[in-house]
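In what follows, a single structure is set out as structure tokens and then discussed.
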Amino acid sequence: MLTAAIALPAVGGAGAMFVNTAEELNLKAMTLKEPPLAEKTTLLDAKGDEIGQFYEEYREVVKLDEISEVMKTAIIAIEDFRFYEHGAIDIEGTLRALAKNLTSGGIAQGGSSITQQYVKQVLLNSAVTDEEKAKALEASYARKLNELRYAMGVEEKYTKDEILEKYLNIAYFGASANGVEAAAKRFFGVSAKDLDLVQAATLAGAVQDPNRTDPNLGRQQRTRLLERRNVVLNRMHELGKITDEELEKAKAKKLGYKGTPLPGGCGASPYPYYCMYVRAEILNNPVFGKTKKERTQLLNRGGLTIKTTLDPKMQRAAERAIKKWVHASDNPVASEALVEPGTGEIKAMAASRTYGRSKKRNEMSYNVVADAAHGGGVGFQAGSTFKTFTLLAGLKEGMKVNDGFSVGAGYRASGYSTFKNCKGENIGDPSHTVTNDEGSGGFKTLQTGTWQSVNTFFMKLEEEVGLCDTIKTAKSLGIKRSDGLPLQEYSTFTLGINEMDPVTVANAYAAIGARGKYCEPMVVTEITDRDGKVKKYEPKCKQVMDPEVADAAANILEGVFTKGTMRGVGGIGRPAAGKTGTTDAQATAWFAGFTPDLAGAVSIGDPRGSQKYKLNNVTIGGRYYGSVFGASIPGPIWRDTMLAALKGTKATDFHPLDTARFGGCGSSCAPVQRDREEPNELRDIDSDNDVSIGTGQD
């Protein structure tokens, strides 16, 4: 019928050559490759509630029965009113368009059926390069003929209803809305099933030239869209789909565009730092795809539903505790991560500042709770929280809880060979003296030295157990620098000279709470693809030390709350252990602690530069501090968080100390006459005063 009615210029011909047979046109059905549509990925918390979205194209695929009848009527009326009557090719429309094109000398009218338009959108969406996209849109008879061939194949494969459903889900409506569901929400704040006559006519009018009528671009575009809506209404009336009264009422209404903000992106998430961590984990972890390109497409186009480990109750607990002690307007920023021992599941990530790029609102533009690999920055020096790793190294090497040394107010290496890094290089510095806050010294044991956080004791302990063994112990618990660079292996490693992030430190302490079982930080528990196929992810754990060693460390660290630097803050009404940390001259402050059920780490520092903007003579959270220590702000935040996060959770006891292995003391006990726990040794709530560098300066 087509070739009998009209002569077409031959594909690739000079324009004077005509063909008039179906064989020469090769009008035979071709199979169209239909890659899955780009769909949004939805992020869920552990309870199944939505907490974020990712997408390359904002689209939500819906079934035809989830689209209002008036929307179907409107789109068919304006785009292809004979849709249910003709086959792949609308002969009348095509003849009309081709006749116009021949007289105009170019492509003046499209005459495309909805099926052909669907084909065009599939080809455009499948294009990767700019060249492929241009080819999919080029005004040529070659492209038109290919569309016809593909359309014939589509009509053979699907019913009319199926084609209409596919078209309404792939069509672009403007304002970054792909598909009718996304357009309904973006334009009017409703679902496609709830679109009324005016709204349906507006969307039906938008598909012809969505960029020209994009209401998000300005008044001129909105005026065009309103005019186009009325064209659709007139056409529906002409076809008898609406009455005179309905026409007049609808045309009298305003455009009604709401411009509902686009969902998605971590900036729109209620938990932006956690969202950023999940996104980075999926993009960087080969578990989720062989290449980064593959993982990016999966995340942004795959239509996945990702269930995460985030516990909303624990997240709220962290947020409220931080807000109580640090204001969003403060220059120093507090951040906290909560991790479950035995699984590595990250339960919460919170910070005192909101995520964003507004300097006026004092927002954070990076993930202050995480390392650089997960959107974070350089981190803050972790201070005396690192003494725990030296303590563990001592216990691993057979020391008992009451073993110790006599130490002075200052410590200086006896020679360059006193400390060796893990390359075996001599890095001792006899010219550098490490001091204690207020000069406390005397005989200190693993217990009292830890409770009082005595710098000179831990320097001596590190000398005895070996710097490299201390570093290896830390690494076995997942310790790595926040900026991704190698750990600084100086003699002051035990004093926390390396920059850390709360997730890494919390996870290391969680491993102690899990009796020496280290688990990789985990945020994704299962992923459901667009077809409903579910893949579950299990914790990746390994035993990195004897459980009894971890028990002994927990036993000592419990005393920090009752006899040490946290005794002025108090405990949480259940077994808990932890360690304060304050860097040299109060540049940053930390607290890391754990129960058998939950671990957490809190840091505070000034992101403008912690060494330049130290925590002295500052007002934070509306309170003035002459100096901020680990027990001043991080400790109370941790305490308040745990009280709320674990409310309703049955308390779990630590395993008791193996007294046969770690009780009493060995060859390094103090002389009998020495009083090892004088009250004045505990007079300072937080006497951490660690060095900031390990290269010869205090």
Test T73 against the criterion of being under 22 Å from V180 (Cβ atoms), of a type in the set (S, T, N, Q) and at pLDDT 85 or above, and give yes or no.
yes
Mind checking which residues of region 557-568 are open to solvent by 10 Å² or more (accessible area, probe 1.4 Å) and touching a strand residue (DSSP E or B) at 6+ places or on another chain (Cβ under 9 Å)?
E558, F561
Starting from region 25-37, keep only residues that are surrounded by fewer than 13 Cβ atoms within 10 Å (Cβ to Cβ), then list their pairs with residues that are modelled with pLDDT under 85 whose Cβ atoms are within a distance under 6 Å, requiring at least 6 positions of separation or different chains.
P35/S126
Here are some conditions: (1) crowded, with 19+ Cβ neighbours inside 10 Å; (2) among the hydrophobic types (A, V, I, L, M, F, W, C); (3) at pLDDT 60 or above; (4) farther than 30 Å from K347 by Cα. L98 meets all but one. Which one does it not meet?
(3)
Residues of region 40-65 satisfying the condition of being touching a strand residue (DSSP E or B) at 6+ places or on another chain (Cβ under 8 Å) and not in a loop (DSSP other than H, G, I, E, B):
T41, T42, L43, L44, E50, I51, G52, Q53, F54, Y58, R59
Report the residue count in region 163-192 for those that are open to solvent by 40 Å² or more (accessible area, probe 1.4 Å) and under 16 Å from R59 (Cβ atoms).
5
Looking at region 332-354, can you tell me whether even one residue there is in contact with a helix residue (DSSP H, G or I) (Cβ under 7 Å, 6 or more places away or on another chain) and at pLDDT below 95?
no
Out of the residues in region 66-89 that are assigned to a helix (DSSP H, G or I) and farther than 14 Å from Q117 by Cβ, state the one that is most open to solvent (accessible area, probe 1.4 Å).
E69
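Every residue, every condition in (1) touching a strand residue (DSSP E or B) at 6+ places or on another chain (Cβ under 9 Å); (2) modelled with pLDDT of 95 or more; (3) open to solvent by less than 40 Å² (accessible area, probe 1.4 Å), yes or no:
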residue: T243; (1), (2), (3): no, yes, no
residue: E246; (1), (2), (3): no, yes, no
residue: K249; (1), (2), (3): no, yes, no
residue: L262; (1), (2), (3): yes, no, no
residue: E281; (1), (2), (3): yes, yes, yes
residue: E294; (1), (2), (3): no, no, no
Over region 123-162, the set of residues of a type in the set (S, T, N, Q) and open to solvent by 40 Å² or more (accessible area, probe 1.4 Å) is S126, T129, N146, T159
Only one of G256, G303, G218, G267 is modelled with pLDDT under 95, over 18 Å from N178 (Cα atoms) and surrounded by 14 or more Cβ atoms within 10 Å (Cβ to Cβ). Can you tell me which?
G267
Counting residues that are among the polar types (S, T, N, Q) and open to solvent by 20 Å² or more (accessible area, probe 1.4 Å), which strands (runs of 3 or more DSSP E) fully inside region 440-556 reach at least 2?
524-528
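Does A182 fit the bill of being farther than 22 Å from P261 by Cβ, small (G, A, S) and assigned to a helix (DSSP H, G or I)?
no
Please find, among T470, T433, the residue that is more than 25 Å from Q543 (Cα to Cα) and of a type outside the set (A, V, I, L, M).
Just a single option satisfies the conditions, and that option is T433.
The values are calculated or read from the model by the stated rules, or taken from the named source; none is laboratory data. On a predicted model such as this, the values are computed, not experimentally measured, just so you know. Using ideal geometry, Cβ is built from the backbone for each residue, glycine included, and neighbour counts are taken over all protein chains shown. All accessible areas refer to the heavy atoms of the entire protein, side chains included, with ligands and DNA or RNA removed. Shrake-Rupley method; radii C 1.70, N 1.55, O 1.52, S 1.80 Å.
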